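A short write-up of the structure that comes next.
Every read-out reported here was derived from the displayed coordinates using simple, explicitly stated rules and does not represent laboratory data. Nothing here was measured: the structure is a model prediction, and the numbers come from that model.
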Amino acid sequence: MKHVLVVTAVAAALALIAACAKKEEPKVDAATEQKQALERAKQGPFGSQMKALDTSKGLGDEMNKKAQEEVENAEKAAK
């Protein structure tokens, strides 16, 4: 009976120590980790697809800029 109480007390003490233990903070924040993962993906087997995706994102902005310029030119010509 005494052994059961000792084992129970030890288990409770270990549980208390584990609960009070300081948790380690992550060494890298989530945004940095995501950027690093993206860079690794660009270098990995899907690198060409990742680069094509980046290029296509830039093309949309470029097309919008050119369309806006054409609208402005058409408005000037109509005056």
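At 0.36 nm per residue, and after removing the present C-alpha to C-alpha distance, how many nm does the segment from Lys66 to Ala13 gain when stretched out fully?
So the chain would gain 12.1 nm between Lys66 and Ala13.
The aspartates and glutamates within cross-link reach of Lys51, meaning a Cα-to-Cα straight distance under 13 Å and a gap of 8 or more places when in the same chain, are Glu39.
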